[in-house]
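Asker: The structure follows.
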Amino acid sequence: MTSLAKIGITMGDPSGIGPEIIVKALQEMSPDQRSASAVIGNLDFLKRADRLLGANLTYTDSLDNARNGAVPVVHVATKDESQIRDGQITAAGGEAAYQYVVKAVELALAARIAVIVTAPLNKGAMHAAGHHFDPVVLGVIFGEDLRRFVRRPIVDNNPSRGKYILRED
């Protein structure tokens, strides 16, 4: 069996669709792919999405020893997470989304994950939490050149497909 690179998936704003998108994506993966992924976020919100979708996935807190389709989860506890409400823009949701990305960058810099993928981030919620977030800012936060983690972003002017599309080399 070929070893797969560990993909770090941040949950995004937990009050949005990020947890459900992640669970649906994980459902589509093979067991080996699921175990080679790592969700960075709140395990309670992830399990809630799992229940809503009837996915019945298995989760583990081990990044290094996940097997048989168990999904590694790096649980990140955040301030005021009890104030996060489905579908509502809150400072607590923005703070959580920001901290998930920060933790993912820490894991990438420590070579614990090879790639960072983010679920949707709500900039309004992040601003409410006091973070004026832009991916470029991560380099300033960590004092590192993070371009090695970016796969040639290209601008796509079609608003129905979002602002950026990432393509492989």
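The values are calculated or read from the model by the stated rules, or taken from the named source; none is laboratory data. All values reported here derive from a predicted model rather than from experimental measurement. Cβ coordinates were reconstructed from backbone atoms using ideal geometry, including for glycine residues, and neighbour counts include every protein chain displayed.
Here is a yes/no grid of residues against (1) exposed (fewer than 15 other Cβ atoms within 10 Å of the Cβ); (2) modelled with pLDDT under 90; (3) within 21 Å of Arg48 (Cα to Cα):
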| site | (1), (2), (3) |
| --- | --- |
| Gln88 | yes, no, yes |
| Glu95 | no, no, yes |
| Tyr100 | no, no, yes |
| Val105 | no, yes, no |
| Thr118 | no, yes, yes |
| Lys123 | no, yes, no |
| Gly139 | yes, yes, no |
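Asker: Which residue, of Ala66, Ala96, Ala111, is farther than 23 Å from Ser35 by Cβ and not basic (Lys, Arg)?
Answerer: Ala96
Asker: Also, I was wondering about something else. For the subset of region 31-78 comprising residues that are of a type in the set (S, T, N, Q) and part of a helix (DSSP H, G or I), which member is surrounded by the most Cβ atoms within 10 Å (Cβ to Cβ)?
Answerer: Ser35
Asker: Pull out all pairs, ordered by first then second residue, where Cβ-Cβ is under 9 Å, the residues are six or more apart or on different chains, the first lies in region 79-93 and is farther than 15 Å from Gly41 by Cβ and without any contact (Cβ under 8 Å) to a residue 60 or more places away in the chain, and the second is among the polar types (S, T, N, Q) and assigned to a loop (DSSP other than H, G, I, E, B).
Answerer: Asp80/Thr90; Gln83/Thr90
Asker: Taking the condition under 25 Å from Gly130 (Cβ atoms), among the charged types (D, E, K, R), buried (at least 20 other Cβ atoms within 10 Å of the Cβ) and out of contact with any strand residue (DSSP E or B) (no Cβ under 7 Å at 6 or more places or on another chain), does Glu81 pass? Don't jump to the end; show me each part of the working.
Answerer: Working: under 25 Å from Gly130 (Cβ atoms): yes; among the charged types (D, E, K, R): yes; buried (at least 20 other Cβ atoms within 10 Å of the Cβ): no; out of contact with any strand residue (DSSP E or B) (no Cβ under 7 Å at 6 or more places or on another chain): yes.
Answer is no for this residue.
Asker: For the subset of region 107-116 comprising residues that are over 16 Å from Pro19 (Cα atoms) and not charged (D, E, K, R), which member is surrounded by the most Cβ atoms within 10 Å (Cβ to Cβ)?
Answerer: The residue in question is Ile113.
Asker: Find all pairs meeting these conditions: Cβ atoms under 6 angstrom apart; at least six residues apart or on different chains; first residue within region 41-59 and in contact (Cβ under 8 Å) with a residue 40 or more places away in the chain; second residue buried (at least 18 other Cβ atoms within 10 Å of the Cβ).
Answerer: Gly41/Met11; Gly41/Tyr100; Asn42/Pro14
Asker: Answer yes or no as to whether Ala125 is among the small types (Gly, Ala, Ser) and either over 16 Å from Val39 (Cβ atoms) or without any contact (Cβ under 8 Å) to a residue 60 or more places away in the chain (or both).
Answerer: Against the criterion (among the small types (Gly, Ala, Ser) and either over 16 Å from Val39 (Cβ atoms) or without any contact (Cβ under 8 Å) to a residue 60 or more places away in the chain (or both)), Ala125 qualifies.
Asker: Being in contact with a strand residue (DSSP E or B) (Cβ under 8 Å, 6 or more places away or on another chain) and in a loop (DSSP other than H, G, I, E, B) is the filter here; which residues of region 84-111 pass it? Before you say what the answer is, go through the steps one by one.
Answerer: We begin by selecting, within region 84-111, every residue in contact with a strand residue (DSSP E or B) (Cβ under 8 Å, 6 or more places away or on another chain); these are 96-97, 100-101, 103-105, 107-108.
Result: no residue meets the conditions.
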